Amino acid sequence: MNVYVRKQNIFWQKVAAGIGVICALILFLNLFNSQIRNSFYVVTAPLSNALMRLGANGSSTTSSLFNVASLKNANLILQQQNQDLLNKVASLQDSVKTNQAVAAAADNTKNDGFVLVSTKPIGLDLQQDVATIDKGSADGVAINMPVISQEKIVYGKVTKVYSNFSEVQLISAKTSVTDVKIQIDDPTAAAINGAIKGSGGLGIYLDLVAADAKINQNDVLVTSGLDGIYPRDLLVGRIDSWNKNDVKPFQTAKVSSFSDIKNAENLFVVVNYKRQK
């Protein structure tokens, strides 16, 4: 019986001790709650800060990548806009040059009664001395119409016509023959006639000048109008040197052409001049 009582006493002593520990722990937590939280913060703060920096860096990197992509797209847009602006400026400049050429051509031919169609060279065959222009039958262009510059320099004649473009045989073509005369200021002086023939490669020379005719260096050659293709007094070229042979009935001369098809930006087709076919 005494043994049982002792065991009961020991049991309740343990229970009482456990309850005391629990009460002490609760009291400790209540009394030192702020200190415990502070200690926990001190221990975990470095890890938290590292995680926060990692997250911030990741966000910054993502933001930077997004900004780079945005700037790249914006740059591409600006480049396209800049190209469009340059194209518009070039088009405007071209329009201004064309308008100036049209005005100059109208002024230079005001006494000739020419009806002109403005055109642009769009191709050149140096082997055949043939130029392509951007006007055709839809614009009133027809075969054998003369092609000139705004300064009344003769370039050639139309030989093939399509709806929206045409081919022009230049006066430098090997099969081209153009009746010319030496420009003389004295209206009472006898005319000196000849023929400009093409030598190919944009070159021309003077032929069929009478052996007794007096020609000089730098004499200016103009169309005579005798061939029925070109109007009179269109500028052709200037004599560089001549070759006179008493055995031959005609003189020949080297000629510098006034036409410059490689650098021509605006030409004109004379659409109302009487022509032969």
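The values are calculated or read from the model by the stated rules, or taken from the named source; none is laboratory data. Remember, it's a predicted structure, so these values are computed and weren't measured experimentally. We place every Cβ from the backbone using ideal geometry, glycine too, and count neighbours over all the protein chains shown. Quick note on the areas: whole protein, heavy atoms, side chains included, nothing else; ligands and nucleic acids left out. Shrake-Rupley method; radii C 1.70, N 1.55, O 1.52, S 1.80 Å.
For this structure, a couple of remarks:
- The listed residues Arg238, Arg232 rank as Arg232, Arg238 when sorted by accessible area, largest first, using a 1.4 Å probe.
- Charged-residue dipole, Cβ positions (Lys, Arg, Asp, Glu), the range 151-221 about Cα centre, Debye nearest 20: 320 debye
- In order along the range 206-217, the phi-based Karplus estimate (6.51 cos²θ - 1.76 cosθ + 1.60, θ = phi - 60°) of 3J(HN,Hα) comes to 9, 9, 6, 8, 3, 4, 8, 6, 9, 10, 9, 4 Hz; Gly and Pro are listed as x.
- Accessible carbon and sulfur surface of the range 204-277 relative to its total accessible area, %, 1.4 Å: 46 percent
- The range 104-202 - accessible surface per residue (Å², probe 1.4 Å): 48 Å²
- Ratio Rg/Rh [Cα only; Rh per Kirkwood] for the range 177-257: 0.94
- Entries of Lys152/Lys244; Lys97/Lys174; Lys97/Lys254; Lys88/Lys152; Lys97/Lys135 with Cα pairs more than 21 Å apart: Lys152/Lys244; Lys97/Lys174; Lys97/Lys254; Lys88/Lys152
- Net +/- balance of residues flanking Ile184 in space, Cβ distance below 12 Å, scoring K and R +1, D and E -1: -2
- Calculated P(r) tail over 16 Å for the range 76-147, as whole % of Cα pairs: 67 percent
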